[in-house]
Amino acid sequence: MKKQKYYVVWQGVRPGIYNDWETAKKQISGFPGAQYKSYPTRQEAEVAFKSAPDFYSGPITKSVRNTGGSIATLIQQGLVIKNSICVDAACSGNPGDLEYRGVETATGKEIFRIGPLAMGTNNLGEFLAIVHAAALFELKGNSETVIYTDSRTAIAWIRQKNIKTTLQKSEVNKDLFALVERGLTWLKTHTIQNRIIHWDTPGWGEIPADFGRK
């Protein structure tokens with residue numbers, strides 16, 4: 001007997017949780033930038049639908065790419081959600097002086113910027129940027145704005161509520177690790193309500209929060 005699966009559709013014709021694949025497929029088939037994933041239990045699906053840190057991103061059919069296009073065009077085509085911010089981090093060396101920030105996707109307006117923090121890594125910066133954005137939205141009572149990141153590692157750390165870094169804590173980077181510990185504590189005592197979506201750099205170009213230091 002085939003096991004029951006539950007299908008979460010974060011972005012599609014009608015977002016929601018579906019008990020069968022055929023119904024879920026109708027919501028995503030041909031829909032640009034569709035986001036969906038299956039789960040073995042209804043409970044897991046409900047938790048995922050609210051927090052959405054881990055999903056398959058992309059339509060069931062071949063997606064329409066817009067390499068080199070403007071952010072406005074990406075939004076107009078439905079590939080990128082307008083009500084969103086993008087987060088990113090930059091290191092002068094890795095490890096090195098670290099900064100991270102969040103900007104409005106549509107306008108590029110900077111919402112927050114932290115750093116430089118001594119002896120950090122890009123992964124830690126990407127992680128902190130997501131937590132910073134999520135905590136900021138919670139304070140404002142905003143659960144609707146999407147958070148884009150180009151770091152799959154940071155998304156995994158957020159999902160696991162744990163970090164896996166080889167960077168050693170020292171007197172030099174103690175301020176950075178203090179922020180990391182605060183971030184982990186916040187994650188373990190809160191549920192992120194905003195969707196976290198991986199930014200498709202090959203298809204969409206550099207994330208708007210990029211520091212332009214490559």
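The values are calculated or read from the model by the stated rules, or taken from the named source; none is laboratory data. Keep in mind that what you see is a predicted model, and the values were worked out from it rather than measured. With ideal geometry, Cβ positions are generated from the backbone for all residues, glycine too; neighbour counts draw on all protein chains shown. Ligands, DNA and RNA are stripped out before the accessible areas are found, and what is left, the full protein with its side chains, is counted by its heavy atoms. Shrake-Rupley method; radii C 1.70, N 1.55, O 1.52, S 1.80 Å.
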Between F31 and residues 5 or more places away or on another chain, the pairs with built amide H atoms under 5 Å apart involve I60, T61
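Over the chain, what relative contact order in percent results from Cα pairs under 8 Å that are six or more residues apart? Can you show the working numbers first?
Details: 423 pairs, mean separation 44.2, N = 214.
The normalised contact order for the chain reaches 21 percent.
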What angle do you read, to the nearest 10 degrees and between 0 and 90, between the alpha-carbon axis of helix 122-140 and the longest principal axis of the chain?
-> 70
Per residue, how many Å² of accessible area does the chain show with a 1.4 Å probe?
-> 52
Select from T105, T121, T23 the residue whose mean-square fluctuation is largest in a Gaussian network model of the chain (Cα-Cα springs shorter than 10 Å).
-> T23
Highest average packing first - 122-132, 162-172, 198-208, Cβ atoms within 10 Å = 122-132, 198-208, 162-172
Tell me the label-point distance for the pair E144, Q4, using the 7 Å Cα-to-Cβ offset, in nm and rounded to one decimal.
-> 3.3
Go through the range 38-43 residue by residue and turn each phi into a ³J(HN,Hα) via Karplus (6.51, -1.76, 1.60, θ = phi - 60°); whole Hz please, and just put x for glycine and proline.
-> 9, 9, x, 10, 5, 4
Filter on K82/K140; K26/K161; K3/K82; K25/K188; K37/K174 - keep pairs with C-alpha separation over 28 Å | K26/K161; K3/K82; K25/K188; K37/K174
Relative to the longest principal Cα axis of the chain, at what angle does helix 174-189 sit, 0 to 90 degrees, rounded to 10?
-> 30
What is the magnitude of the charge dipole of the range 124-168 about its Cα centre, with +1 placed on the Cβ of each Lys and Arg, -1 on the Cβ of each Asp and Glu, and no other charges, expressed in debye to the nearest 20?
-> 200
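Find how much the distance from T23 to H190 grows on full extension, using 0.36 nm per residue of separation minus their present alpha carbon separation; answer in nm with one decimal. All intermediate terms of the calculation are to be shown ahead of the outcome.
Working: separation 167, 0.36 × 167 = 60.12 nm, distance 3.22 nm.
Contour length minus Cα-Cα distance gives 56.9 nm.
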Give the percent of DSSP beta bridges with both residues in the chain that are antiparallel, rounded to the nearest 5.
-> 75
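Give the carbon-plus-sulfur fraction of the accessible surface of the chain in %, rounded to a whole number; probe 1.4 Å, heavy atoms of protein chains only.
Details: 5650 of 11230 Å².
Carbon and sulfur together cover 50 percent of it.
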Using the Cα centre as the reference, give the magnitude of the dipole from point charges on the C-beta atoms of the chain (Lys, Arg: +1; Asp, Glu: -1; all else neutral), rounded to the nearest 20 debye.
-> 740
